[in-house]
Every structure is written in structure tokens, then in C-alpha cells.
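The values are calculated or read from the model by the stated rules, or taken from the named source; none is laboratory data. Quantities reported herein were computed from a predicted structural model and do not represent experimental measurements. Quick reminder, even Gly has a Cβ in these numbers, built from the backbone with ideal geometry, and neighbours come from all protein chains shown. In case anyone asks, the SASA skips ligands and DNA or RNA and just uses the protein heavy atoms, side chains included. Shrake-Rupley method; radii C 1.70, N 1.55, O 1.52, S 1.80 Å.
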Amino acid sequence: MSSAPTTFETERLKLRHWTAEDFAPFAELNADSRVMEYFPAPLSHTESDAMAIQIQALIEKRGFGFWATEIRSTGEFIGFVGLQVPIAELPFSPCVEIGWRLAYAHWGKGYATEAAAGALRVGFEKFNLPEIVSFTPVLNKRSQAVMEKLNMRADGIFEHPAVPPDHKLRPHRLYRLTFTDWQNHFPHA
């Protein structure tokens, strides 16, 4: 596997492997209708635990994934941010996406953008990815704002195959960031 760190820090956050202690607060945020507004449904505790186990396995397999994210000063788990290969077969597959899901109490503090910028650095510098994508339902303006703060470029709308036809969340907006564009916006690379 790559020599990329499985744990890294940003100014205020630490992105790391998951622990058993993360499962309960993760289930809590996955059951929150505000957090899950742009997903087909909130997750049960069992579904949330299964998702966390799958995320852990993918980090072990690939060296990257949706890292558990905590506040450095307190150690409080606030959700996940990271990179993954989407499970669904998307019109632009194969690809690596960047994504995040944070507890509602931690919204509006710039944590998603900060952690995602760190994950982009890991993806481009350690894993030599040529491009990283992100996507969200067209209705999810908050996540689109984060993608734009990361200097990702909007690249059209597609129908997400994992969302039922005629569901209001099926249309998704795709964003892209190439390594070259990332270098141009972040010259420290």
C-alpha cells in the first residue's frame, strides 16, 4: 500500500482511523433528519454500524477512505471526511470522490472545507490521483458551496443510479478538480 498517512491533521481537525467509540455518535448523526436531508432516509443504528465497518475495511484495503474526523483540541468525533471509490456505477466511473458528513452541531464552522482541503492534499500528494470528483443532489446548496470553496469545477448534472427514479434527490450535480487545477490554486503542492 502507499506510504500515505492514515492519520493527518489540519489546523483544527484530526482525520484518522475509526474506533469503536465512534460508532455511537456516528449512529446519532446518521439518525438526524437535518444531517440526512439529502439522502433517501436516515439510517438505523444497525445500518450506521454496518456503514462504519465498511468504511473501516475500505481504508484498510486502499489506504484512504472516509476518515473519522475529530476536533483536535477536544478529541470529539464530529463525523467523516475523506476520499472513496464510489460503490455505485456512475456515468463518470471509475473515479475517486471526496465527501463529508458532519454532525449538525458542527455545521457552519468551516470544518467540512478545512478537512476536505486536507483530504485533497493527501489524495493528490500521497496517492497521485489525477482527478478527484464530488457530487451531491442538485437541491443540496450547502455541499455545493463547499465544493466551490475547494475550487472544484461544476461539470453538469446526472441521474444517480442508486436513487429511485422520479425521486427528488435523483438529479445530482457533479464537480471535478484535477491535480493541475489543484496545484494552480494551492501552489504549495
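Checked across the stretch 108-121, the condition of being closer than 23 Å to R72 by Cα, loosely packed, with under 12 Cβ neighbours inside 10 Å, modelled with pLDDT of 95 or more and not basic (K, R) holds for at least one residue.
Exactly one residue out of E125, E28, E37, E60 is of a type outside the set (A, V, I, L, M, F, W, C) and not in a helix (DSSP H, G or I), and it is E37.
For beta carbons closer than 7 Å, sequence separation of 6+ or different chains, a first residue in the stretch 160-189 that is free of Cβ contacts under 8 Å to residues at least 40 places away in the same chain and a second that is among the hydroxyl-bearing types (S, T, Y), the qualifying pairs are H172/T136; R173/T136. Note on the stretch 149-178: residues that are assigned to a loop (DSSP other than H, G, I, E, B) and within 19 Å of V96 (Cβ to Cβ) amount to 6. If we keep just the residues of the stretch 143-189 that are farther than 13 Å from L120 by Cα and hydroxyl-bearing (S, T, Y), which is most open to solvent (accessible area, probe 1.4 Å)? If we take residues in the stretch 143-189 being farther than 13 Å from L120 by Cα and hydroxyl-bearing (S, T, Y), then S143 is most open to solvent (accessible area, probe 1.4 Å).
Which residue is least open to solvent (accessible area, probe 1.4 Å), if the candidates are limited to the stretch 66-107 and must be part of a loop (DSSP other than H, G, I, E, B) and under 14 Å from K14 (Cα atoms)? Per the criteria, the residue is G75.
Among residues of the stretch 132-148 that are in a helix (DSSP H, G or I), those with a Cβ under 7 angstrom from a residue that is of a type in the set (F, W, Y), sequence gap 6+ or separate chain, pair up as M147/Y175.
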